[in-house]
Structures are given as C-alpha cells and as structure tokens.
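One structure is given here, and the rest of the page talks about it.
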Amino acid sequence: MALPTLAWTGDAATGHLVLLDQTRLPLEVRQHPCRQLEDVVKSIKSLRVRGAPAIGVAAAYGVVIGLQTARGSSREHFERQLAEVTTELADSRPTAVNLNWALVRLGNTAANNESLEPAALHDLLLEEAAAIQEEDRQTCEAIGRHGAELLTDGIGVLTHCNAGGLATAGSGTALSVLFAAADQGREIRVYVDETRPLLQGARLTTWELIRHGIPTTLICDSMAAWAMRQGRVQMVITGADRIAANGDAANKIGTYALAVLAREHDVPFYIAAPQSTFDLSIGCGDEIPIEERAGDEITRGFGRQTAPDDVETWNPAFDVTPAELITALVTERGVIEPVTREQIDQVLGNHGAR
C-alpha cells in the first residue's frame, strides 16, 4: 500500500494524525490530516477511518491531539482534560471494543505516572499510542502466520466487509491470513461480498486483494448461499469488532447470515481478530452494544436516492454470530478451536480486553 492507513507526524506538542481517507476509495487515494480532536472524532464517526484495530490506534492518537492545549497546564487540569477527551472519543462508535481498550490503556499510563509533569506525561502518551500502533502491526503478521495454515492449495474463500490493512495498522486480520497464504505460494481465489449498505467489500477489500495480486471475484451479498451451493467456496473468514468471553462475535451486518449459510453447506467459518478485540468483561453476545446508523445510508447510498421519502428504515451496522457457528477464532496467540469459554481462556489467558 503506497500510503499507510494512519500515521503520526511530528512531536506530541504540535504533531498531528494523518489518515488515508477510506470514504474516497477506491477511485481516489487521498490523505486527511487531523489536527484537532474534533477531526479525529468526526473521522471515526464518518468511517474515514474504520476497522476495530485502526479505530483503536486513531483514538489513542486522538488523546494526544486533545491534550495538546493542556501540556502547559497543571497536572489537575491535564487529568481533567484527559477525562473529557477520553469520553468524547469513547462515544464516537460503540461496538468496536478496541477503541475503549486503547483509551483505557492511555488512561492507565497516566495513572501509573503520577510524578510526571503534564508535558512529560503528554510525551509519554504519544509513545504509548505509537506502541499500540506497532504492536498492532506485529499482531497482524502473527494472525496471518497462524491462519495461513488453515488454507489448502486451490481453495475458494469468501470474506465479508473489510478486515485488511485498511482496518488495522498492519496487514489486517482476516485478509492477513489470505495475504500470508498467497505469499507462501498457495493458489487461492477470494470471493468478496459487496457488504451493503456502504460497500466496504466492493470498495475496500477488492482494492486491497487486487493490489496484492490475489485472484478476486466480487459478488452481491445475496449471492453467498448460491456460491456455497455451487462449490465455489470452501471456507469463510471475516474479522470482528468485539468478541465476548464465550466466543460470540460482533462483526459487520451480514456476518451472522454467512455463518448460518456456512453451517448449512458444511463450510468452515472462521473469524480472525487480535486479543484486544476480546471483551472478557461480558459473558455473551447479547451484551454487545450494536451501533445503529442513519437510514439515509440505505435510502440514499452515496448520494443517490433509491427508496421513497417516507419509507421507514432500520440500519444496524453490526450483528452477532453465536460461538457455536464459528469453527475457530484465529488470533496472534494461536487458533482457538473449539470456540468455548474454556478454550479462549486457555489460549488468551488474561490477555483479552476487560
């Protein structure tokens, strides 16, 4: 990828975050600078930056930006502003747990360094944000290594939404598995759901796969069942935005339907996600908050009206796939199979988000 999904420029005092604007892909590759906290919040809400790991990294850098005006203040004022900044970022999108995980991590960094003056602490928070970004890059590589072992030569793989480099600070989660398998010389073909209503599969995933030289076929979401029935698909793999302690996983709307279809057609269904996406504080998927977005994403997608003015809409951005429909979870710490609370604890230990 010629431009990184996100990057920090400068020091803590005057630097800023630069995003690859995903709302303009695939026709236009443009960077978007975020110099104010409001820029970061708006970019997260508008999907300029998206994908659970990338949102977490962006939020961490957002904290640094939001505290630039407080680095010369008292420690008391700095901490008060830290709380305000964290709250504003936490409210930007509710489903992806990585966002809050990153914010808590920066909050803990501040709490564990009570003796530092605001300027020194601000510099340390930038170091922590950069560490989160680098760790995510390494995590993506590890997920790819573990997951590539699941793919056989000549396999047809179906994926949904975008779980590649555009959704992370590295090569991705689900797509890192495909990239790693291709780099190891395996012949694979990837079927990509368009992913209604914002077409992340059509706009983003196909763009990444083609740039990596992987044979790619775009299909409508409603074609997935027939692709399985026709024998084109031998495996489904997606990312996730939050995984409960029992393995129930929230991901882009339409993922649950794929899991049901995969079970019906005896196709293994995998989810690839980092340990930071596991929310071990919640027991099951019923507790995962599901973001609902504006109805005009359905009725006026990309500016063109496709439904009557007075039609009611319901636009949940995510759904939850029960653990019993997931063949295995691919993490940087290994493959979790079967997907049970006990197996998750055994592989992750205490490393999930809490």
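For the reader, a short list of remarks on this structure follows.
- Here, segment 124-213 yields an orientationally averaged convex hull projection of 6.2 nm² when only Cα atoms define the hull.
- Fully extended contour minus Cα-Cα distance, from Ala90 to Ile210, at 0.36 nm per residue: 39.8 nm
- Within the chain, DSSP assigns beta bridges of which about 50% are antiparallel (rounded to the nearest 5).
- For Thr340, Thr95, order by how many other beta-carbon atoms lie within 10 Å, fewest first: Thr340, Thr95
- With Cα atoms, 0 to 90° folded angle of helix 118-148 axis to the chain main axis: 10 degrees
- Coil-residue chymotrypsin sites (Phe, Trp or Tyr not before Pro) of segment 246-354, DSSP, other Cβ within 10 Å capped at 11: Trp314
- Between helix 97-111 and the chain: long-axis angle, C-alpha atoms, 0 to 90°, nearest 10: 20 degrees
- Approximate spin-label separation Gln184-Thr14, in nm, with each point projected 7 Å along Cα-to-Cβ: 4.8 nm
- The chain: calculated mean residue ellipticity at 222 nm from DSSP helix runs of at least 4, using -39500 (n - 2.57): -11500 deg cm²/dmol
- Set against the 2.2 N^0.38 Å expectation for a compact globular protein, segment 143-283 has a Cα radius of gyration ratio of 0.96.
- Alpha carbon centroid spacing (whole Å) that separates segment 299-339 from segment 4-78: 25 Å
- For the chain, the longest principal axis of the alpha carbon atoms and the long axis of helix 75-90 meet at an angle near 20°.
Taken together, the values in this text are just the output of simple stated rules run on the coordinates, not laboratory data. This one's a predicted model, so the numbers in the text were calculated from it and none came from an experiment. With ideal geometry, Cβ positions are generated from the backbone for all residues, glycine too; neighbour counts draw on all protein chains shown.
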